[in-house]
Amino acid sequence: MIHELRIYTCLPERLPALQQRFETATLAIWERLSIRSLGFWTTIIGSSSNDLIYLLEWRSLAEREQKWAEFIADREWQEAKAKSEADGPIVANITSSLLKPTRFYRGFSKPSE
């Protein structure tokens with residue numbers, strides 16, 4: 001398994017709009033496309049209270065490329081994104097890290113060898 005750590009830094013006061021988009025649209029689209037999310041977090045103490053942080057789980061890089069491309073091209077997603085940004089942009093920056101488990105990994109699922 002490969003895990004993807006994604007951090008969305010929102011523009012000031014736009015984090016609630018991003019959270020609403022995930023709650024009302026994104027997660028349902030991911031479920032339909034079989035994109036597996038492991039959890040979502042916001043920052044209580046840290047460098048930015050404008051961040052939404054989440055983890056995705058992929059079986060392989062090929063699966064990630066295929067499913068992420070399907071998601072970005074999905075008409076329902078494009079409409080939800082446009083609707084949520086009717087009052088202006090939400091996200092200032094996105095960082096993404098693809099993580100490979102260590103030998104001593106004891107997390108969400110067993111690593112594949």
Only residues that are touching a residue at least 12 places away in the same chain (Cβ under 8 Å), surrounded by fewer than 17 Cβ atoms within 10 Å (Cβ to Cβ) and over 24 Å from ARG75 (Cβ atoms): list them for region 10-30, please. LEU11, PRO12
Hey, does region 47-67 have a residue that's of a type outside the set (Asp, Glu), without any contact (Cβ under 8 Å) to a residue 24 or more places away in the chain and within 18 Å of LEU27 (Cα to Cα)? yes
Of the residues that sit in region 81-107 and are among the small types (Gly, Ala, Ser) and closer than 21 Å to LEU55 by Cα, which one is modelled with the lowest pLDDT? GLY107
Considering region 41-57, residues that are open to solvent by 70 Å² or more (accessible area, probe 1.4 Å) and either touching a Gly at 6+ places or on another chain (Cβ under 8 Å) or hydrophobic (A, V, I, L, M, F, W, C) (or both), and then whichever is farthest from ALA80 (Cα to Cα), we arrive at ILE45
With of a type outside the set (D, E, K, R) and over 16 Å from the mean Cα position of the chain (by Cα) as the only criterion, which of SER96, SER60, SER34 stands out? SER60
Could you tell me how many of the residues in region 58-70 are among the basic types (Lys, Arg) and surrounded by fewer than 11 Cβ atoms within 10 Å (Cβ to Cβ)? 0
Out of (1) open to solvent by less than 80 Å² (accessible area, probe 1.4 Å); (2) closer than 14 Å to LEU33 by Cα, the one SER84 does not meet is (2)
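The values are calculated or read from the model by the stated rules, or taken from the named source; none is laboratory data. Note that the structure is a prediction, hence the values are computed from the model and not measured. Don't worry about glycine lacking a Cβ; one is built from the backbone with ideal geometry, like all the others, and counts go over all protein chains shown. Heads up: the accessible areas ignore ligands, DNA and RNA and are worked out on the full protein's heavy atoms, side chains in. Shrake-Rupley method; radii C 1.70, N 1.55, O 1.52, S 1.80 Å.
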